[in-house]
Every structure is written in C-alpha cells, then in structure tokens.
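These notes are about the structure you will find just below.
The values are calculated or read from the model by the stated rules, or taken from the named source; none is laboratory data. Computed from a predicted structure; not experimentally measured. We place every Cβ from the backbone using ideal geometry, glycine too, and count neighbours over all the protein chains shown. Surface accessibility is based on the protein's heavy atoms, side chains included, excluding ligands, DNA and RNA. Shrake-Rupley method; radii C 1.70, N 1.55, O 1.52, S 1.80 Å.
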Amino acid sequence: MSDDLSRNTLAEAQAARLRHVWANPRGWRYWSAVNNTEVGIWYIVTAFGFFLFAGVLALIVRAQLAVPQNDLVSPEFYNQAFTLHGTMMMFLFAVPIFEAVAILLLPQMLAARDLPFPRLSAFGFWCFLIGGTFVAGSIFFDAAPASGWFMYPPLATNKDLAGIGADIWLLGLSFIEVASIAAAVELIVGVLKCRPPGMRIHLMPLYCWYVLIVAGMILFAFPPLIAGDILFELQRMFDWPFFDPDRGGDPVLWQHLFWIFGHPEVYIIFLPSIALMAMIVPTFSQVPITGYGWIVLAAVGTGFLSFGLWAHHMYTTGLPALSLGFFSAASEAVAIPTGVQIFVFIATMATGRVIFSVPMLFAAGALAVFVFGGLTGVMVALAPFDWQAHDTHFVVAHLHYTLIGGMLLPLIAGLYYFFPFATKRMLSARLGRWAFWLIFTGFNITFLPMHFTGLRGMPRRVFTYPAGHGWDWLNLISTFGAYIMAIGVLIVVVDVVRALRHGRPAPRNPWNAGTLEWTVETSDENWGVRSVPQISSRYPLWDQPGLVEEMDQGRGYLPDAAAGRRETLITGVLDATPEQVQRLPTNSFRPLAAAVFIGTCFIAATFEWWWLATAGGIIGIGVILGWLWTGTARPPEAAMMDAGRGLTLPLYASGPRSVGWWAMCITMVGDATAFISLVFGYFFYWTIHAEFPPPEATGPGLAWPGIAAATGLAAWATVLAARHANRAGRVAIARLALIAGAGLAIASIAAGAAAILTTGLDPVVHVYDATVWVLVIWTALHLAAGVLMQLYCLARSLAGHMTPLHDIDIRNVALYWHFTAGTLAVTMAVIGLFPLASG
Amino acid sequence: MLTRPDRATIVTLLAPPTVWALHFLTAYILAAIACAKGWDLGGVRLVIAAATAAALVFIVLAARAAHRHTGFTADTPPHDDPTRASRMRQMGAATFLVAALSFVAVVFTGLPAAFIADCR
Ligand code: HEM
Ligand SMILES: [Cu+2]
C-alpha cells in the first residue's frame, strides 16, 4: 500500500519535471519553439497554404483556357501563373509537405521525445517560410518566374525575355533546397538512431522505410539541381557562358542537371504519400500489411531505379537512340516495384475486413487515379510515342494523374487519418465523403479531356488557342471540372477550420491502429511519450497488451528529467539496442535569426545588392556559429545516467557513435554529389567539343594546382594529427596543429586563386575558363569553411568545451576534412592533369 | 557483403541496386562518349556486354547469400519475431527480392546495347 503510494508520488514528481522541461514558451516567445510538434504543424500549415495559393493560380489558368481566344489575363500573366503554379506545387508543397509530416509523425512513431536536431528542423522551416513567401509573393509585383517550372535556357538565361523572375526562382528555391537537405539529414539520423529499444530494423513501421529511402533520394537528387542553379545564376549575373553555345556552352547540360533532380523528385513526392497509405490500409483492414519484404523491395527498388529515368524528359533533344534505349528500359523497369506496391495494398485489403472510412475512400480513389496515370506513363516512356505527345496537354494530363493520384489524394487520406493525432479532434465523416466525391469527379472531369486535347495537338503552356481544332468544348469541360474540384478542396478546408474548435473530441487511438504514434495522449502533454517502451512487435498496440499503461505510468525508459534537460534515447542501427542518452537543445530564436540573415543574403543577391547580401551572409554565419557554440557538444555534468529499467547509459559519444558524426557524414555525401555534378559539367563539355580544353586556352597549368593540392592535403593531415594528439591528451600539440592547418589551408586557397587569376583564364570568354573557375571557387569555399572549423575547434579547446575525452567537435571536423581533401584532390587532378591526358 | 556472408545488413540490402546503378552509369556514359567522340561502337557494346555479365554474376551471388539468410524453409514470413534471427530472415527476404528486381533491371539496360548498333 505505502509502496504504491510512494510510487505514485514519485511518478507525479517525474511527470512534473518532464512537463516543465518540455513546456512550450509562451507569448511572443512561442515562435522560438523547436519541438517537433510545433515545428511540424507550422510546416504543414505553411505548405498547405502554398498549395491553396498554387491552386488558385491553376483556377486562373483554367479560366483563361475555358474558351478559345480568351483575354481574361494577359499572356505575360498567364506565363507567370502556370510557371508559379508548377513551381510552387513541386517545390513549396509536394516536397516540403513530406518533410513536414515526417517531422510531426516520426518521433511519436518511434516513441522518441524528438528528432536529434530539433533546431535544425526549426531552421529548415524558417528558411522554407521565408524563401517560399519570397517566391510566391513575386507574382504581386509582376515579377514571378515565367519560363516554365523547369526554366530551360536559352529562354530563361536571357535577361530580356526572362526578367528578375528567373533569379527569384533560382535563388529563392536554392535557399529552400538547402533546407530540404537539412531535413533529409535529420530524418535519416532519426530513423536509424532514434528508434525505441527492441524496434529492430525489421520491426520498424513501413513509414520509416519510406522516410529513409526518400531522405536518401533527396540527398542525391537535390545537389545536382543546386549545382545547376549555381551555373545558371553565374551565367545570368556575370555572363559566364555555361549554357551559351556561342562561347562553348550547351543548354542541354541544364536539362541533364535539372532532370537528374527532376525525375527522382517525382518519386520523392510519390513515395511519402504511399507511405501514409502503408499506415492507413492495415489499420482499416485491421490486419498487418501483407508482404513487409515486398514493400521494402518496392521502396528500395523505386528509390534506385528512379535515378535512371532522367533523360525520358529529353527524348526530343536529339540524344542517340542507344542512350534513349537505356532510359526507356529503366522507365519501364520502374513500373515493376511501383506495381508491387499497389498489389501489396490490394492483397492487404483482401485478407482483412475493410472498413470504408473517409481515409480509405481517399486511399482507394488514389489507387485508381494513380494506376491510370501510371498507364499513360508507360506510354510516354516509349520514345516514339513521346515524340508525338511531348509538350502537349497529354503530358499535363499524365502528370496530374500521377501527382494527384500519387500524392494529393493519399495526402488528404492522411489528413483525415492523422487529424485526431495532431489536434485531438475528429474531422466530419459526412463532409469528408462530400469532399472526396467532389474532388474525385472534379479531378477526372478536369484532366481526362486533356488526354484528348493533347492527342489532338494542343500544346501546353499556351495562353490561348484558336477555335475549330476540336479543342473548344473539351477545354470548357476541363475548366468546369477544375471548379468542382476546387469546391471539394474548399470543403476540406472548411471542415478543418470548423473541427479545430467544434470537432468531436477524439478518443485515444480512434482508429484502433497498431503503431506507436497512436499512443499520443489526448491531453496537451508536450513530452511526446511519458516514457519510452520496449518494443517486440511490428504492431505493438495490437500485440503488446498493457504497453500503453506501462508507458503512461512511467515504467519505460527515460521516465524522468532529473537533470532538467531535454533528453532522448539513441539506439543501434540494426537491432535498436540502447547506446546513449542524447541531450537535446531547447527552444531558441537562433534558428529563426539564422534563417532571416541567410535569407537576406539570398534575397539581396537576387536584386544584386551585394553589400547587403554580404552582410546578411556574414551575420548569418555568425549566428550559426553562436548557435553551435551554445547548443551542441557540451561535456555533460556526469559521464553516465540512469535511463530507467535498470539501464545506465553514457551521456556523451563522439565519432561514429554520435548522431552529429552521422549528420556530418550524410551532409557531406550530399555535398559530394553537388561537386560531382560540377565535375560532370567539365566532362560533358569535353564530350561535346572536339578539343577540350580548347587549343587557345592557356591555364591553369600544373604548378599552381600542384601547390594548392600539396598545401591543402597537408592541412588535412594536420587536422588528423590534431585529432590524434587531442585524443592522446597532448592538447597543446593539437592546438598548434590546428593553427598550422589553418595556415596551410589559407595557402592552398591562395594557390588556387593564383591558378585561375594569373594564367590568363577569363570566365566570360569561354566555357572552359568558366568551368575551371567554378571548380576552383567551389574548392576554395570548402577550404575556407574548413579553416573556420579548425579555428572553431581551437576556440572550443581553449574554452574547455573540447577535451581529450570530449572530442565531438574535432572528430566531426576531421570527417569534414576527409571530404574536402577528396574535393581538392579531384579538382586539382581535373584542372591540372586532365588537360595533359587529353591534349 | 559477399566476404561476410553471415550478415544481412542495410549494406547487403542496398548492394544489388547499387550494382544496377553502376552498370547503368557505365553503359550510359560509355555510349554517350562513344557517340559524341565518334569512337567505335562495336567495342563499346562488347564492354557493355561484359559489364552486364559481371553485374549479373554479382547480383546472383548476392541473391544466393540473401537466400541463405532467409534460413530457407526454417521459418516462413512474416518474419516478425523480436529476435536477431528473425531480423536476418526478413532482411534476407527483402534483399532477395531487391536482387531479383536488380537482375531484371540490369538485363533491361543491357538490351538496347544488344540491339542498337549505331549512334542515330
Ligand atoms: C488543383 C488542381 C490542379 C489544376 C486544375 C491544375 C491545372 C494545371 C494546368 C491547366 C496546367 C498546364 C498549364 C499550361 O501548360 O499552360 C498545369 C501544369 C502543371 N501542374 Fe497543375 N493543376 C492542379 C494541381 C497540381 C498539383 C497537385 C501539382 C503537383 C503536386 C501540379 C503540378 C503541375 C506542374 C508541375 C505543371 C507544369 C507547369 C509547367 O508547365 O511549367 N498541379 N496544372
Ligand atoms: Cu520522369
């Protein structure tokens, strides 16, 4: 009896401490929150807002196309409207909504308190909000991008034809792409290292597999686009001729870089929505998913194969038939895993007793629409068919069947399904049914006729068309359908707004689902989980009776916040054995401030206000350094802590055991991909020119690249020496090595500068010169960042935050330097040695 | 991977499609350069054929290792016990399927090179 009593008071005290530690800030300070529950919701609301905005643009586009020779909007406005529609749907809605939903759901699904880098999530969100508002807002100043969502040169590089809108597109979206990569890093580390004890990799929810694969894809898909953006902006601002054939450039390079990103992007959009279905279908069938391994196959298979499709967007550029054959083959192959995915859902429904609730309705509608879009996809993947259909409304129909069936409808299914999770209230089933049927029929009425207008030759991206080609009434029907669909979307919005206040309060786990996110409490607790459970099933809520009580009563891991710090559990990649307790940073305005200043840098660069851009960039970097300094890698007050259930775990880990090391490694993989894309550019130019470097080229010679490589690699060696010395307790030597390393790296930068400045290379004259300049500048910037990191480690050591035992900083910096040394070596070999080999 | 056949990990899972990716890049890059530079396509097609054979052999070996990890018939799906052995079986099963898909995809990529003899 008294035992029980003291247990209860203990649990009460623990709960009070947890509540205090995880509480949200109040008043205006609320916006400094970094908790995934807040950031996830902000992110979703923002992305949805951009969706509605882009949808209104689509309605304008459709209204303009309703009848032939219409003059509702001007051609200039039409171009902006469809370009911004496509751009926003893809960059400001489809990809960010994945990140948003994952940030909201993932921690709870893993019974983690938060993801490992909450401030990074917050930073990503603020970047997204600022960059997105900038891009979207441009249309009110008649300055929106107008060259189509893929910005082909020479149209988009021409300053007379494509005004500032193109710069807004390039810089605004680059800024957001960086945020996407940040989110990808966060999500990968989250899935791999933050699972609850016992959730071995074969037990994790399928959603996690998709998150892992999609985040991995982002890491390889976005960097080529960033590389392309850099080349593009250099041409627009400084007239470097990357895409100008007169000076050795080639517009097709942009198409390659864009579509190496652009096709995987389609799957980056599609897979996360399928992942939502992989959670919804088993719940409403009340049976586990049939064929877990098949879903893993589908996710991994599409993830990979989708990278072998990019040139199917380039069938009409005159590539050799052999090349087209490769891409056509991969395009057909990707249908296999995609089909498997769909059959698994059908099989699961067949084994269970399906409850046709609103989420299931949307899910079923999604399958139907997507399969149809997939069929036209197989058609356009065949080069000869595509030559006929390319750039007609047939393609518009195809892409909307896949995007709306593959992402929008599953997402709305997810909205109805997870709404009680996020808000503790239910949406209305009656309104949901209305919304579904309006959206579903409206969608088909809109886009089915476009197949026919397309086949009858109506080009896409035209602001109007003549009567009498058999396009007239089909277009009118399309427009009519678009407004029906819009009413459906409006009903969803109204229902959401209504339910926030007046919705029926949701019981806990309203759908009787089996996965951990539904342990979420109905009261407004902010701690995620009261305590972390031990998992032994794929559907713990179905198979582990008493689990929820155990968690709620604080009988799991980490039931307390004794040190007054936010903490979460880090476990092993394969078997989820507990490894460490990770201290998490708390609420802070620093991520917001960093986003504001870095955003200023990008936005000012758009208008070529260089002083403001530089100032913004420098202050932004300063804020980030301050954030790292105060928020990361502080030695804990004790080496170990009691993690509950008799488990004692370390509070500090460095190297491959620390989450920071993984984050650095993953980031650098993305960085290396961008670099490889630039190198790809060099060799691309080599293939299209009979002689490359051109015979009249004078630089950069061998001497300067050689010196740059030697000094830079020596700098790398000193970083490694510093790491060793620090580990071995010879702190003074480590500090000296860091100083020497910084000096060597600066020497390397200087030698690189000499290589391009003193050898007669002029980046405006020929693409060869420009390419060499870009490679050298890229490398120099990495060296400069490396110097900053060396000095940072030095300062940390002097301040006592980095010690022989607590060496996260230097180990991460050493890892960074491995990649930088590789970048340096490749750059110098390409610009210094390759001309000898080819010339 | 092949050198440590007793373990099924994320690396073994991703190995077969990675081989597909390398094979795809080899084929595409070689053909692109050959056609741009006017190299002899016959030689390139032979190299692609050899690369295809090598990739297929690797994938078959990976599939065999994966099949071994599934424990043959000792246990049938869904492989969802909270044990290391079950994890091995599940990863083995998934890897086997991924390997099968990679096999098909490599064959698909090889086919154009088998049939198309010039750069038009
Ligand atoms: C809400 C209903 C929607 C309607 C009525 C609609 C309508 C249209 C129309 C008529 C076009 C062709 C404009 C032209 O070629 O002149 C278009 C283009 C496009 N749409 Fe949509 N759309 C909708 C939703 C979406 C969604 C959900 C996405 C993606 C997630 C999307 C992505 C695109 C893209 C990428 C383009 C190509 C833009 C370009 O050619 O640059 N749309 N849309
Ligand atoms: Cu594609």
Got a sec? Which of B:10, B:33 is at the interface with chain A (Cβ under 8 Å from one of its Cβ atoms) and at pLDDT below 85? B:10
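Does residue B:85 satisfy the condition of being more than 7 Å from chain A (Cβ to nearest Cβ), among the small types (Gly, Ala, Ser), surrounded by fewer than 18 Cβ atoms within 10 Å (Cβ to Cβ) and closer than 25 Å to residue B:42 by Cβ? Write out each step before concluding.
Details: more than 7 Å from chain A (Cβ to nearest Cβ): yes; among the small types (Gly, Ala, Ser): yes; surrounded by fewer than 18 Cβ atoms within 10 Å (Cβ to Cβ): yes; closer than 25 Å to residue B:42 by Cβ: no.
Answer is no for this residue.
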For region A:197-206, indicate whether the set of residues that are of a type outside the set (Asp, Glu), open to solvent by 20 Å² or more (accessible area, probe 1.4 Å) and modelled with pLDDT under 95 is non-empty. yes
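Output the residue which, of all residues in region B:103-120 that are part of a helix (DSSP H, G or I) and more than 8 Å from chain A (Cβ to nearest Cβ), is farthest from the chain's Cα centre (by Cα).
Step one: filter region B:103-120 for residues part of a helix (DSSP H, G or I), giving B:103-115.
Then keep just the ones that are more than 8 Å from chain A (Cβ to nearest Cβ); that gives B:103, B:106-107, B:110, B:114.
Values: B:103: 5, B:106: 7, B:107: 10, B:110: 12, B:114: 19 Å.
If we take residues in region B:103-120 being part of a helix (DSSP H, G or I) and more than 8 Å from chain A (Cβ to nearest Cβ), then B:114 is farthest from the chain's Cα centre (by Cα).
Kindly indicate which of A:309, A:276, A:305, A:322 is within 16 Å of ligand 2 (Cβ to nearest atom), crowded, with 23+ Cβ neighbours inside 10 Å and farther than 27 Å from residue B:89 by Cβ. Spell out how you get there, then give the answer.
Values: A:276 fails: within 16 Å of ligand 2 (Cβ to nearest atom); A:305 fails: farther than 27 Å from residue B:89 by Cβ; A:322 fails: within 16 Å of ligand 2 (Cβ to nearest atom).
The unique qualifying residue is A:309.
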Would you pick out the residues in region B:31-41 that are within 24 Å of residue B:103 (Cα to Cα) and either without any contact (Cβ under 8 Å) to a residue 40 or more places away in the chain or charged (D, E, K, R) (or both)? B:32
Please enumerate the residues belonging to region A:727-746 that are open to solvent by 90 Å² or more (accessible area, probe 1.4 Å) and not in a helix (DSSP H, G or I). A:730
Given the conditions (1) open to solvent by 10 Å² or more (accessible area, probe 1.4 Å); (2) within 10 Å of chain B (Cβ to nearest Cβ); (3) within 16 Å of ligand 2 (Cβ to nearest atom); (4) not charged (D, E, K, R), and given that residue A:335 satisfies all but one, which numbered condition is not satisfied? (2)
Quick one: count up the residues across region A:75-92 that are within 13 Å of residue A:144 (Cβ to Cβ) and either open to solvent by 30 Å² or more (accessible area, probe 1.4 Å) or away from ligand 1 (no atom under 12 Å from the Cβ) (or both). 5
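Can you go through B:65, B:36, B:94 and tell me which one is among the small types (Gly, Ala, Ser) and in contact with a Pro (Cβ under 8 Å, 6 or more places away or on another chain)?
Details: B:36 fails: in contact with a Pro (Cβ under 8 Å, 6 or more places away or on another chain); B:94 fails: in contact with a Pro (Cβ under 8 Å, 6 or more places away or on another chain).
None of the other options fit; the residue is B:65.
May I ask you to say which residue of A:174, A:147, A:138 is part of a helix (DSSP H, G or I) and modelled with pLDDT of 90 or more?
Details: A:174 fails: modelled with pLDDT of 90 or more; A:147 fails: part of a helix (DSSP H, G or I).
Every option except A:138 fails the conditions.
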Residue A:446: open to solvent by less than 10 Å² (accessible area, probe 1.4 Å), among the polar types (S, T, N, Q), away from ligand 1 (no atom under 16 Å from the Cβ) and away from chain B (no Cβ under 14 Å), yes or no? no
So which residues in region A:516-551 are out of contact with any Asp or Glu (no Cβ under 7 Å at 6 or more places or on another chain) and on the phi > 0 side of the Ramachandran plot? A:546
Search result, residues across region A:635-667 that are crowded, with 17+ Cβ neighbours inside 10 Å, under 32 Å from the mean Cα position of the chain (by Cα) and part of a loop (DSSP other than H, G, I, E, B): A:651, A:652, A:653, A:654, A:658
I'd like to check something: does region A:279-292 contain any residue that is touching a Leu at 6+ places or on another chain (Cβ under 6 Å) and either at the interface with chain B (Cβ under 7 Å from one of its Cβ atoms) or at pLDDT 90 or above (or both)? no
Could you grab me the full set of residues in region B:92-115 that are at pLDDT 90 or above, within 19 Å of residue B:67 (Cβ to Cβ) and open to solvent by 10 Å² or more (accessible area, probe 1.4 Å)? B:96, B:97, B:100, B:101, B:103, B:104
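Please go through region A:309-332 and give me each residue that is assigned to a helix (DSSP H, G or I) and away from chain B (no Cβ under 11 Å), ordered by number. Spell out how you get there, then give the answer.
Keep residues of region A:309-332 that are assigned to a helix (DSSP H, G or I), which gives A:310-313, A:315-317, A:321-332.
Within region A:309-332, A:312, A:313, A:315, A:316, A:317 meet the criteria.
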In region A:516-553, anything hydroxyl-bearing (Ser, Thr, Tyr) and within 13 Å of chain B (Cβ to nearest Cβ) is listed as A:536, A:537, A:539
Matching helices (runs of 4 or more DSSP H) fully within region A:342-453 where at least 2 residues are within 16 Å of ligand 2 (Cβ to nearest atom): A:358-380, A:383-389, A:393-403
Would you please list the contacts, defined by Cβ atoms under 6 Å and residues six or more apart or on different chains, that run from a residue in region A:228-241 that is within 10 Å of residue A:157 (Cβ to Cβ) to a residue that is of a type in the set (A, V, I, L, M, F, W, C) and surrounded by fewer than 19 Cβ atoms within 10 Å (Cβ to Cβ)? A:239/A:764
If residue A:52 satisfies every condition in (1) open to solvent by 40 Å² or more (accessible area, probe 1.4 Å); (2) modelled with pLDDT of 95 or more; (3) more than 11 Å from ligand 1 (Cβ to nearest atom) but one, which is the exception? (3)
Out of (1) within 18 Å of residue A:592 (Cβ to Cβ); (2) within 14 Å of ligand 1 (Cβ to nearest atom), what's the single condition that is false for residue A:38? (2)
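From the list A:798, A:791, A:775, which residue is open to solvent by less than 30 Å² (accessible area, probe 1.4 Å), out of contact with any His (no Cβ under 6 Å at 6 or more places or on another chain) and in contact (Cβ under 8 Å) with a residue 12 or more places away in the chain?
Values: A:798 fails: open to solvent by less than 30 Å² (accessible area, probe 1.4 Å); A:791 fails: open to solvent by less than 30 Å² (accessible area, probe 1.4 Å).
Just one listed residue meets the conditions, A:775.
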If you scan region A:556-591, which residues turn out to be within 14 Å of chain B (Cβ to nearest Cβ) and open to solvent by less than 10 Å² (accessible area, probe 1.4 Å)? A:571, A:572, A:576
Which residue pairs have Cβ atoms closer than 7 Å, lie 6 or more positions apart in sequence or on different chains, and pair a first residue in region A:253-265 that is small (Gly, Ala, Ser) with a second residue that is within 13 Å of ligand 1 (Cβ to nearest atom)? A:262/A:150; A:262/A:313
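Suppose we keep only residues that are aliphatic (A, V, I, L, M) and within 30 Å of residue A:78 (Cβ to Cβ) within region A:20-49. Which one would you say is least open to solvent (accessible area, probe 1.4 Å)? Before you say what the answer is, go through the steps one by one.
So in region A:20-49, the residues aliphatic (A, V, I, L, M) come out as A:21, A:23, A:33-34, A:39, A:41, A:44-45, A:47.
Pick out the ones that are also within 30 Å of residue A:78 (Cβ to Cβ) and you get A:45, A:47.
Numbers: A:45: 94, A:47: 0 Å².
Among those residues, the one meeting the criterion is A:47.
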Looking at region A:462-478, is at least one residue within 9 Å of ligand 1 (Cβ to nearest atom), surrounded by fewer than 22 Cβ atoms within 10 Å (Cβ to Cβ) and on the phi > 0 side of the Ramachandran plot? no
Would you point out which residue out of B:70, B:26, B:52 is within 11 Å of chain A (Cβ to nearest Cβ), at pLDDT 90 or above and buried (at least 16 other Cβ atoms within 10 Å of the Cβ)? B:26
